[in-house]
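Heads up: the structure comes next, in structure tokens.
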Amino acid sequence: MANYYLNTNQQPNGDYEVHTGSCLWLPAQSNREYLGDFSHCSYAISEAKRRHPSWNRINGCKHCCPGCHVS
Ligand SMILES: [Zn+2]
């Protein structure tokens, strides 16, 4: 299990990134939203999409969520 966070700042390529709480690239507290504790990043991404249905580019961070990163 891991804590997952959503970076609420859109990346230059249009993505919103999901990170684990221990990722080096985790954004500052003011720029992130806690998604919950999940056993796999795919659940965190589903939760982020449920909360932000208009954000159609939610992607896993390639460093901490390589299984959910779509390049
Ligand atoms: Zn990350």
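Taken together, the values in this text are just the output of simple stated rules run on the coordinates, not laboratory data. Here the structure is a predicted model, which is why all the values come from computation and not from measurement. Quick reminder, even Gly has a Cβ in these numbers, built from the backbone with ideal geometry, and neighbours come from all protein chains shown.
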- [ ] Please get the size of the charge dipole for the chain, origin at its Cα centre, with Cβ charges of +1 on Lys and Arg and -1 on Asp and Glu, quoted in debye to the nearest 20.
- [x] 120
- [ ] Kindly provide the helix-only [θ] at 222 nm of the chain, computed as the sum of -39,500 (n - 2.57) over DSSP H runs of four or more divided by all residues, to the nearest 500 deg cm²/dmol?
- [x] -4500 deg cm²/dmol
- [ ] Work out which trypsin sites (Lys or Arg not before Pro) in the chain are exposed loop sites (DSSP not H, G, I, E or B, at most 15 other Cβ within 10 Å) and give the longest gap free of them.
- [x] 1-56
Task: Percent of beta bridges antiparallel (DSSP, the chain, rounded to nearest 5) - done: 75
Open item on the list: If you filter the chain for chymotrypsin sites (Phe, Trp or Tyr not before Pro), then keep DSSP loop positions with at most 12 other Cβ within 10 Å, what is left?
Closed with: TRP25
